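The values are calculated or read from the model by the stated rules, or taken from the named source; none is laboratory data. Only a predicted model underlies this, so the values are computations on that prediction, with no experimental measurement involved. As a convention, Cβ positions derive from the backbone with ideal geometry for all residues, glycine included, and neighbour counts pool all protein chains shown. SASA here: full protein model, heavy atoms, side chains in, ligands and nucleic acids out. Shrake-Rupley method; radii C 1.70, N 1.55, O 1.52, S 1.80 Å.
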Amino acid sequence: MARMEKRRHAWMSWDYEKEERWLNELSAQGLHLTKGGAFSSEFERDETVRYTYALDYQGGLTKKNGKLDEYTELYRDVGWEYVSTASGIWHYFRRPWEPGETPKLYTDRESLVEHYKKIQRVMAVVLLANVAIVFANFTNIFSRLDGAMRWGVGVPVIVVYASLFVLLGYGIAKMNKKIKETGGEKM
């Protein structure tokens, strides 16, 4: 009987290739993904097989709308097994490992560039939405609170939002670098 294990991790969207490498290293050690997650994933131990893993970012795919089955069938037709999803947007695939082979979901430059741009656009939308949210929050903070209370609440909120803005800005820049390196134009 296979033994189940959990592993904790933290990956950023712009570094999803690091997660792929990590999954491939674990598979070489006999741990195989059964359920992906944002900060924790589940694995099954089986040292008799080894897989190559790949991740894809696709939103709006559900069994209910039929798009998930359509999507997974496309990859199944070219040899990929659908494993799991994380947050309904990151999809995990695997195929049997072959020595010297490094299969990828995106095999041409144009589709890879579009993949990077999709991730970059989502980060840009999240950044802009949070800019609007921070202005709304500060309007409330400064109109409803006074004196020390205003700064006691305002400063921590500023620190949280500044950190978020820096993180998202960094992610957008990293995706832009990948787009350029792949041969696509920048956003």
TODO: Kindly list, by first and then second residue, each pair from a residue in region 29-53 that is surrounded by fewer than 13 Cβ atoms within 10 Å (Cβ to Cβ) to a residue that is of a type in the set (Gly, Ala, Ser) and assigned to a strand (DSSP E or B), limited to pairs with Cβ atoms under 7 Å and residues at least 6 apart or on different chains.
DONE: ALA38/ALA86
Open item on the list: Need pairs with beta-carbon distance below 7 Å; first residue touching a residue at least 60 places away in the same chain (Cβ under 8 Å) and within region 4-27, second surrounded by 13 or more Cβ atoms within 10 Å (Cβ to Cβ) and hydrophobic (A, V, I, L, M, F, W, C); sequence gap 6+ or separate chains.
Closed with: SER13/ILE119; SER13/MET123; TRP14/ILE119; TRP14/MET175; TYR16/LEU55; LEU23/LEU33; SER27/TRP97
Open item on the list: Which of the numbered conditions does TRP97 fail, given that it passes all the others? Conditions: (1) surrounded by 10 or more Cβ atoms within 10 Å (Cβ to Cβ); (2) at pLDDT below 95; (3) under 20 Å from ASN24 (Cβ atoms).
Closed with: (2)
Task: Residue list for region 164-178, restricted to those being open to solvent by 70 Å² or more (accessible area, probe 1.4 Å) and among the aromatic types (Phe, Trp, Tyr) - done: TYR170
Open item on the list: Quick check on ASP56: is it in a helix (DSSP H, G or I) and touching a residue at least 24 places away in the same chain (Cβ under 8 Å)?
Closed with: no
Task: All positions within region 132-156 that are aliphatic (A, V, I, L, M), surrounded by 14 or more Cβ atoms within 10 Å (Cβ to Cβ) and assigned to a helix (DSSP H, G or I) - done: VAL134, ILE141, VAL153
Open item on the list: Can you tell me which of (1) closer than 22 Å to TRP11 by Cβ; (2) open to solvent by 80 Å² or more (accessible area, probe 1.4 Å) is the one LEU74 doesn't meet?
Closed with: (1)
Task: Matching residues, region 16-28, being exposed (fewer than 14 other Cβ atoms within 10 Å of the Cβ) and charged (D, E, K, R) - done: GLU17, LYS18, ARG21, GLU25
Task: Candidates TYR92, TYR82, TYR106, TYR161 - the one that is surrounded by 13 or more Cβ atoms within 10 Å (Cβ to Cβ), of a type in the set (Phe, Trp, Tyr) and assigned to a loop (DSSP other than H, G, I, E, B) - done: TYR106
Open item on the list: If PHE43 satisfies all but one of (1) modelled with pLDDT of 95 or more; (2) closer than 27 Å to VAL122 by Cα, what's the number of the condition it fails?
Closed with: (2)
TODO: Answer yes or no as to whether LYS118 is under 16 Å from TYR16 (Cα atoms) and surrounded by fewer than 16 Cβ atoms within 10 Å (Cβ to Cβ).
DONE: yes
- [ ] Considering (1) modelled with pLDDT of 95 or more; (2) among the small types (Gly, Ala, Ser); (3) exposed (fewer than 11 other Cβ atoms within 10 Å of the Cβ), say which one ALA124 fails and leave the rest.
- [x] (3)
